[in-house]
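Chemist: The structure's right below; bear with me while I get my questions together.
The values are calculated or read from the model by the stated rules, or taken from the named source; none is laboratory data. Fair warning: this is a prediction, and the values are worked out from it, not measured in the lab. Heads up, the Cβs are rebuilt from the backbone with ideal geometry, glycines too, and the neighbour counts pull from every protein chain shown. Note: accessible area is taken over every heavy atom of the protein model, side chains too, but ligands, DNA and RNA are not part of it. Shrake-Rupley method; radii C 1.70, N 1.55, O 1.52, S 1.80 Å.
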Amino acid sequence: MKSIAVLGSSGSIGQSTLAVVRSLPRQFKIVALSVNSDIVKLKQQIREFQPKLVCVRDPRAAAKLRASLGSSIKVFCGPEGLDELVKDKNIQQVMVAITGSAALAPLISAIKSGKEIALANKEALVMAGAMVMRLAREHKVLIRPVDSEQSAIWQSLGGQGAANVRQVYLTASGGALWSLPRSKFKQVTIAKVLRHPRWKMGKKITVDSATLMNKGLELLEAMFLFNLGVEKIKVLIHPEALIHSMVEFNDGVIMAQLSVADMRIPIQYALSYPKRLPSALAGIDFYGLSKLHFAKPDLSKFPCLAFAYQAARDLGTMPAVLNAANEASVDRFLAKKISFLTIPKIVEKVMRRHTRIASPNLNQIMCADAWAREEALALAC
Ligand code: MG
């Protein structure tokens, strides 16, 4: 029985993680949960999973929770509380399903405590991939990716190192706007952007899918996770979203991972690795499939992907700047303050204004992140 902490348990990945644990009660046990602000959902989850430790961001909410839960559950609060929580000796594996840069500190803390890591958060690797991977090596921690593409690359690699790899095909469904002509992008509404054809996800990542920035962030993620040079990673549009990525080895052999598009599959593998435990989810019905489609992404239609490739060549503080400028712009788009086409314009401008630091420390990364957010918000006014 493995003891698991889920950081970000009220979000989409957090809830899917709990669904996997619910389906495999003899293998997994929840010992800790954390949420940002959804106390109602946290209380439901506490009733069902009976964790020993919980963490919420707001001190007042934590105090209320402490009063209502009694002494059997330890309640932590804020970023410092989360840092403490992940070190607890009863936790074997930490699912990092917090979105944004807030995941970086607890991730580092969990690695330093030698916990097994399931990583769903993208930003931590995008911003500080070199540092996170170096720490993981030092502490002999294997980071098990949860993002479906990274899980597919991990599974397709089958333990082979980057030296054996000719190239990786990072697949993308194309998002909500793939088939829409660029001339129509100007009038695109939030509702249209949020209608993702294959995956049900949070709002921010669904917008990122529509701009292809999500694939750009995954490009950076893959570089760090698997120690691949940017020239080895090709983005491939595959609208059916059945092949979750592929690895082509030096001998021309290609290994791919296929499954239905359901996050419970990569989540379960990140928890069960190296075992393959049963799942109630069906496989792919190949008899019912007539075709699979592939296409090369159009970088002039989806400039965010081109900016991500640029950041991947620049590295240093540039990926953090790309990520922060994008996050701030998407936030403004969702608040109806800017149009869809303004998102890439802001990202490009902020990247151009940035003075890159080649080998930044954590503080310099956080400063670049904060600077890029401010610049982006100023441009969004
Ligand atoms: Mg993905």
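Chemist: Around ASP285, what is the net charge, scoring Lys/Arg as +1 and Asp/Glu as -1 over all other residues with Cβ under 15 Å from its Cβ? Write out the running numbers ahead of the final one.
Modeler: Numbers: positive: LYS291; negative: GLU240, ASP262.
Result for the neighbourhood of ASP285: -1.
Chemist: I've got another one for you. On alpha carbon coordinates alone, what is the Rg over Rh value for the stretch 288-344, Rh being the Kirkwood radius? Walk me through the numbers before you get to the answer.
Modeler: Values: Rg = 15.1 Å, Rh = 13.3 Å.
Ratio of gyration radius to Kirkwood radius: 1.14.
Chemist: Still on this structure, I have one more. Which of the helices in the chain, when you take each full DSSP H run, stretch at least 18 Å along the axis at their Cα atoms and have an average Kyte-Doolittle score of 0.0 or higher?
Modeler: The answer, listed by residue number, is 123-138, 213-226, 318-334, 362-379.
Chemist: Sort out for me the Cα centre separation of the stretch 356-370 from the stretch 273-336, rounded to whole Å.
Modeler: Value for the Cα centre distance between the two parts: 24 Å.
Chemist: If Lys and Arg each add +1 and Asp and Glu each add -1, what is the summed charge of the other residues whose beta carbon sits under 14 Å from the beta carbon of ALA136?
Modeler: +3
Chemist: Could you pull out the pairs from LYS234/LYS349; LYS184/LYS336; LYS89/LYS112; LYS29/LYS275; LYS89/LYS122 whose alpha carbons sit more than 23 Å apart here?
Modeler: Pairs exceeding 23 Å: LYS234/LYS349; LYS89/LYS122.
Chemist: Also, I was wondering about something else. Give me the distance between the Cα centres of the stretch 85-118 and the stretch 1-62, rounded to whole Å.
Modeler: What the calculation gives is 14 Å, centre to centre.
Chemist: Shape call for the stretch 2-141 from the C-alpha gyration tensor, a ≥ b ≥ c root eigenvalues: rounded (a/c under 1.5), prolate (a/b greater than b/c) or oblate?
Modeler: It is prolate, given that a/c is not under 1.5 and a/b is the larger ratio.
Chemist: Could I ask something else about it? Among HIS196, PHE185, ALA222, whose Cα lies farthest out toward the positive end of the dipole of the stretch 151-228, if unit charges sit on the beta carbon of Lys, Arg (+1) and Asp, Glu (-1)?
Modeler: The Cα lying farthest towards the positive end belongs to PHE185.
Chemist: Okay, next question. Name the residue from GLN150, TYR269, LEU315 whose Cα lies farthest towards the positive end of the charge dipole of the chain, charges +1 on Cβ of Lys and Arg and -1 on Cβ of Asp and Glu.
Modeler: Of the candidates, TYR269 comes out farthest on the positive side.
Chemist: Tell me which trypsin sites (Lys or Arg not before Pro) from the stretch 1-110 have a DSSP coil assignment and no more than 13 other beta carbons within 10 Å of their own.
Modeler: Working: sites: LYS2, ARG22, ARG26, LYS29, LYS41, LYS43, ARG47, LYS52, ARG57, ARG60, LYS64, ARG66, LYS74, LYS87, LYS89; in loops: ARG26, LYS52, ARG57, LYS87, LYS89.
Answer in residue order: ARG26, LYS89.
Chemist: Using a cut-off of 14 Å between beta-carbons, work out the net charge of the residues near LYS336 (Lys and Arg +1, Asp and Glu -1, LYS336 not included).
Modeler: +3
Chemist: Using amide H atoms built in the peptide plane, which far-off residues or other-chain residues are under 5 Å from LYS52 H to H?
Modeler: ALA32
Chemist: Let me ask something else about it. In Å², what does the accessible area per residue of the chain work out to with a 1.4 Å probe?
Modeler: That works out to 46 Å² per residue.
Chemist: So how many Å³ per residue does the convex hull of the Cα atoms of the chain work out to?
Modeler: Cα-based convex hull of the chain, divided per residue, equals 143 Å³.
Chemist: Something else: As I understand it, the dipole of the chain uses +1 on the Cβ of Lys and Arg and -1 on the Cβ of Asp and Glu, about the Cα centre. Which of CYS77, GLY161, VAL235 lies farthest toward its positive end?
Modeler: After comparing all options, I get CYS77.
Chemist: Springs between alpha-carbon atoms under 10 Å, Gaussian network over the chain: tell me which of ALA103, ALA256, ALA325 tops the mean-square fluctuations.
Modeler: Residue with maximal mean-square fluctuation among ALA103, ALA256, ALA325: ALA256.
Chemist: Something else about it: Charges at C-beta only: +1 for Lys and Arg, -1 for Asp and Glu. How large is the resulting dipole of the stretch 2-141 about its Cα centre, in Debye rounded to 20?
Modeler: 380 debye
Chemist: Magnitude of the Cβ-charge dipole of the stretch 253-381, K/R +1 and D/E -1, about the Cα centre, nearest 20 debye?
Modeler: Details: 16 positive and 10 negative charges, 36 e Å.
Magnitude of the dipole: close to 180 debye.
Chemist: Relative to the Cα centre, what is the charge dipole magnitude of the chain, using +1 at the beta carbon of each Lys and Arg, -1 at the beta carbon of each Asp and Glu, and rounding to the nearest 20 debye?
Modeler: 740 debye
Chemist: Leaving out ligands, DNA and RNA, and with a 1.4 Å probe, what % of the accessible surface on the chain is carbon or sulfur?
Modeler: It is 53 percent, rounded to a whole number.
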